[in-house]
Amino acid sequence: MNKSFFLKIMSILITAIMLAGCSKDPEASKEPKLLLGFSQIGSESAWRIGNTADIQKEAENSGVSLMLENANQKQENQIDAIRRFIAYKVDVIAFSPVVEEGWDNVLTEAKNAGIPVILVDRDLSGSAKELTTCLIGADFYNEGVMAAEYLIRKADSLGLEHVNIAEITGTENSTPMRQRQAGFMDTIANDERMTVIESITGDFLKSRGAECMRSLLDRYGDGIDAVFSHNDEMTLGAIPEIEKAGFVPGKDMIIISIDGGQEAIDVLKEGKINCVVECTPKLGKKLMETAFKLKSGETVDEVIHPDEKVFADEQDLTGIEARGY
Ligand code: AHR
């Protein structure tokens, strides 16, 4: 074969390869590997906003096309969103139920459509749970236990004989409200020093945390030794009210919070919160992995809990990494 003939063949081959590359449908390579419908509760807290952002980021990282709907704290909006996901024939549905009950009909529709459902963050009670595949979220009961264990250690270290506790709870009938309260109550039950003087609902909102604290201070004043608040948002609403009433949070009253967002950690370092139990919103990676497994027909673990820590004034707080929410 002479040299010019060889070069001609090579150039034809290279052009053919390039053309084959160019003729690939650009849309085909962008096609998502999985279509996931996710109904988020709302944007009530830094935790929730961080959770949404994490799910969006992990969907993008794993080539998942995400249909995200924000329900603005309303169960009926979540039910409508799930119905839209079914009509759209998504591969997998995920949702964080704002309350535990009232899902039987819509989840039966998802089951009849053959679409697997993942619970994210919050759980269901009753028979509707059997219509879902798994739960990816925190162990809220254990968070309540950890909060109470801290309070018992603190009472020991201060030599307190009585501890009057005001509890500001999250949304009624939500899993974190029920389970954090149960874990806390079960743990203080055998400690005679501990009395919950009132449990009041703050709905996980900063404004409601402030309102609840005002009303608690009006009724009990300096009769409050400790505040157990079910999330950072409500704690951050309550602290300025305690100060306005002339008390020093973290000293005159022991303040315990849950979530571990950056703002609460900063306030913990200032000494106005005594203990923050971590509840991580970073559930996105596990959600994507689980959705892929379900799409390919694999079985998945029924409950997936992330590891969580306690940050408290009994520790060296200097090394806490940026929280990211
Ligand atoms: O379900 C998790 C809880 O919901 C978080 O503690 C709270 O901040 C959020 O709004």
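The values are calculated or read from the model by the stated rules, or taken from the named source; none is laboratory data. This structure is a prediction, so every number in the text was calculated from the model and none was measured. Reconstructed Cβ throughout: ideal geometry from the backbone, glycine too, with neighbour counts over all protein chains shown. Side chains included, ligands, DNA and RNA excluded: accessible areas come from the protein's heavy atoms. Shrake-Rupley method; radii C 1.70, N 1.55, O 1.52, S 1.80 Å.
What to note about this one:
- Condition check for I224: out of contact with any His (no Cβ under 7 Å at 6 or more places or on another chain) and surrounded by 22 or more Cβ atoms within 10 Å (Cβ to Cβ): yes
- Residues being touching a strand residue (DSSP E or B) at 6+ places or on another chain (Cβ under 7 Å) and among the hydroxyl-bearing types (S, T, Y) - total across the stretch 277-320: 1
- Any hit, the stretch 207-223, residues being touching a helix residue (DSSP H, G or I) at 6+ places or on another chain (Cβ under 8 Å), assigned to a loop (DSSP other than H, G, I, E, B) and in contact (Cβ under 8 Å) with a residue 24 or more places away in the chain: no
- Total residues in the stretch 307-324, condition more than 24 Å from the chain's Cα centre (by Cα) and open to solvent by 90 Å² or more (accessible area, probe 1.4 Å): 3
- For the stretch 98-124, the tally of residues that are under 16 Å from E302 (Cα atoms), assigned to a loop (DSSP other than H, G, I, E, B) and away from the ligand (no atom under 15 Å from the Cβ) stands at 1.
- Test: residue in the stretch 153-166 that is surrounded by 24 or more Cβ atoms within 10 Å (Cβ to Cβ) and within 16 Å of the ligand (Cβ to nearest atom): no
- Each residue in the stretch 65-93 was checked for being within 16 Å of T290 (Cα to Cα) and open to solvent by less than 10 Å² (accessible area, probe 1.4 Å), and 3 pass.
- Selection of the stretch 247-305 for residues being within 16 Å of the ligand (Cβ to nearest atom) and open to solvent by 70 Å² or more (accessible area, probe 1.4 Å) yields E263, K282, K286, V303, H305.
- If you go through the stretch 40-69 and keep only what is more than 11 Å from the ligand (Cβ to nearest atom) and among the small types (G, A, S), you end up with A53, A59, S62, G63, S65.
- Q181, sole failed condition from (1) under 22 Å from the mean Cα position of the chain (by Cα); (2) outside any helix (DSSP H, G or I); (3) not hydrophobic (A, V, I, L, M, F, W, C): (2)
- Filter result for T280 (assigned to a loop (DSSP other than H, G, I, E, B) and either more than 20 Å from R48 (Cβ to Cβ) or touching a Gly at 6+ places or on another chain (Cβ under 6 Å) (or both)): no
- Qualifying position, being in contact with a Phe, Trp or Tyr (Cβ under 8 Å, 6 or more places away or on another chain) and open to solvent by less than 40 Å² (accessible area, probe 1.4 Å), among S62, S96: S62
- Hits in the stretch 125-147 (condition: farther than 21 Å from D186 by Cα, among the small types (G, A, S) and in a helix (DSSP H, G or I)): S127, A128
- Options R193, R219; residue that is surrounded by fewer than 21 Cβ atoms within 10 Å (Cβ to Cβ), of a type in the set (K, R) and touching a strand residue (DSSP E or B) at 6+ places or on another chain (Cβ under 7 Å): R193
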